[in-house]
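A short worksheet on the structure shown next.
The values are calculated or read from the model by the stated rules, or taken from the named source; none is laboratory data. Keep in mind that this is a model prediction, so the values were computed, not measured. FYI the Cβ positions are ideal-geometry reconstructions off the backbone, even for glycines, and counts take in every protein chain you see. Each accessible area value is taken on the protein alone, full model and side chains, heavy atoms only, with ligands, DNA and RNA left out. Shrake-Rupley method; radii C 1.70, N 1.55, O 1.52, S 1.80 Å.
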Amino acid sequence: MDGVHDLGGRYGFGAVAPEADEPVFHERWEARVFAAVAAAGAGGLTANTDQFRHAIERIDPVAYLTHGYYGRWLAGLETLLLESGWLDEGEWRRRLAERGVEYGRPPAARPSARPDRVAPDHGGSSARRPLDVAPRFRVGDRVRTRSLPSPGHTRLPAYARGREGEVVSHHGGWVYPDAHAHGRGDCPQHLYTVAFRGETLWGEAAEPGTRLHLDLFEPYLESA
């Protein structure tokens, strides 16, 4: 979906500064969030990875930018638990207040009043799916990404919309995240790797000689 979470390829956020010898978890609560998300998935409380990603995309924008990686995971999990009814909103807010969340300050989770109903995914560990429909594009084809806004989950980043590239690989049929996140089934689609020149994505400010490869589903693409 379109929102503050779609930061890839954008200017203004500074250089990436990798942390030397970074630990798996910086604090104990991060490990507990990781375990809680894994348990929710194993128990069927969260249906699939695409649904979970969409829940993270919907959290409070300020929280998304300030709460860190596992803070976003926690807010996404809370959103889904509230929407499913496994977590009572009154009890949740009371516990937040007990832990010092200021009155009037919105929590990071933002559950929908009319959430999608997504059945637990029993497709196994692989998202690859057979397809009887022939691929529309071949390796070497010039394609253009669509530039339509997305009200729901999508794996097409905003900075790459409306841009021309070249198909360099075809991967067969895979679960389509744009449908899977919202309970509309696997809806498998052909998946391609598309190469883009840096200046096509970022103009003359791009680093010379840059080529970026993106894995993109067929509905994202049209012939150039």
Practice task
Report yes if G203 is of a type in the set (G, A, S) and within 18 Å of R144 (Cα to Cα), otherwise no.
Solution key: yes
Practice task
Identify, by number, the condition in (1) of a type outside the set (G, A, S); (2) in a helix (DSSP H, G or I); (3) modelled with pLDDT of 90 or more that P115 doesn't meet.
Solution key: (2)
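So that you can scan it fast, the table gives a plain yes or no per residue for (1) under 27 Å from D60 (Cβ atoms); (2) more than 18 Å from the chain's Cα centre (by Cα); (3) β-branched (V, I, T):
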site	(1), (2), (3)
E91	yes, yes, no
R94	yes, yes, no
E98	yes, yes, no
P130	no, yes, no
R138	no, yes, no
R142	no, yes, no
P149	yes, no, no
V167	no, yes, yes
G173	no, yes, no
Problem - Cβ pairs under 9 Å, 6+ apart, first in region 133-147 and in contact (Cβ under 8 Å) with a residue 24 or more places away in the chain, second aromatic (F, W, Y) and in a loop (DSSP other than H, G, I, E, B) - result: V143/F137
Exercise for the section: Could you run through region 145-198 and say how many residues are among the charged types (D, E, K, R), in contact with a helix residue (DSSP H, G or I) (Cβ under 9 Å, 6 or more places away or on another chain) and farther than 29 Å from S112 by Cα? Expected result: 2
Practice task
Please state which one of P151, P177 is buried (at least 17 other Cβ atoms within 10 Å of the Cβ), under 21 Å from L80 (Cα atoms) and in contact (Cβ under 8 Å) with a residue 60 or more places away in the chain.
Solution key: P177
Practice task
Check whether at least one residue in region 79-88 is in a loop (DSSP other than H, G, I, E, B), charged (D, E, K, R) and in contact (Cβ under 8 Å) with a residue 24 or more places away in the chain, and report yes or no.
Solution key: no
Problem - Filter pass, H213 being open to solvent by 20 Å² or more (accessible area, probe 1.4 Å), farther than 21 Å from G9 by Cβ, out of contact with any helix residue (DSSP H, G or I) (no Cβ under 6 Å at 6 or more places or on another chain) and touching a residue at least 24 places away in the same chain (Cβ under 8 Å) - result: no
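Keeping to region 154-174, report how many residues are polar (S, T, N, Q) and surrounded by fewer than 16 Cβ atoms within 10 Å (Cβ to Cβ). Please lay out each step first, then the result.
Residues of region 154-174 polar (S, T, N, Q): 154, 169.
If we keep only those that are surrounded by fewer than 16 Cβ atoms within 10 Å (Cβ to Cβ) too, we end up with 169.
Result for region 154-174: 1.
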Handout entry: Near pairs, Cβ below 8 angstrom, 6+ apart or cross-chain, from region 29-49 (closer than 13 Å to G76 by Cα and free of Cβ contacts under 8 Å to residues at least 60 places away in the same chain) to any residue that is open to solvent by 20 Å² or more (accessible area, probe 1.4 Å) and not in a helix (DSSP H, G or I)
Key = F34/F25; L45/W86
Completion exercise
Note on region 180-203: residues touching a Gly at 6+ places or on another chain (Cβ under 9 Å) and of a type in the set (K, R) are R197
Exercise for the section: Please indicate, with yes or no, whether at least one residue in region 77-87 is over 28 Å from Y176 (Cα atoms), modelled with pLDDT under 90 and not aromatic (F, W, Y). Expected result: yes
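Does R146 satisfy the condition of being open to solvent by 60 Å² or more (accessible area, probe 1.4 Å), at pLDDT 90 or above and of a type outside the set (G, A, S)? Explain how you work it out, then say what you get.
Working: open to solvent by 60 Å² or more (accessible area, probe 1.4 Å): yes; at pLDDT 90 or above: yes; of a type outside the set (G, A, S): yes.
Yes.
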Practice task
Looking only at region 54-73, decide whether some residue is out of contact with any Leu (no Cβ under 7 Å at 6 or more places or on another chain), on the phi > 0 side of the Ramachandran plot and touching a residue at least 40 places away in the same chain (Cβ under 8 Å).
Solution key: no
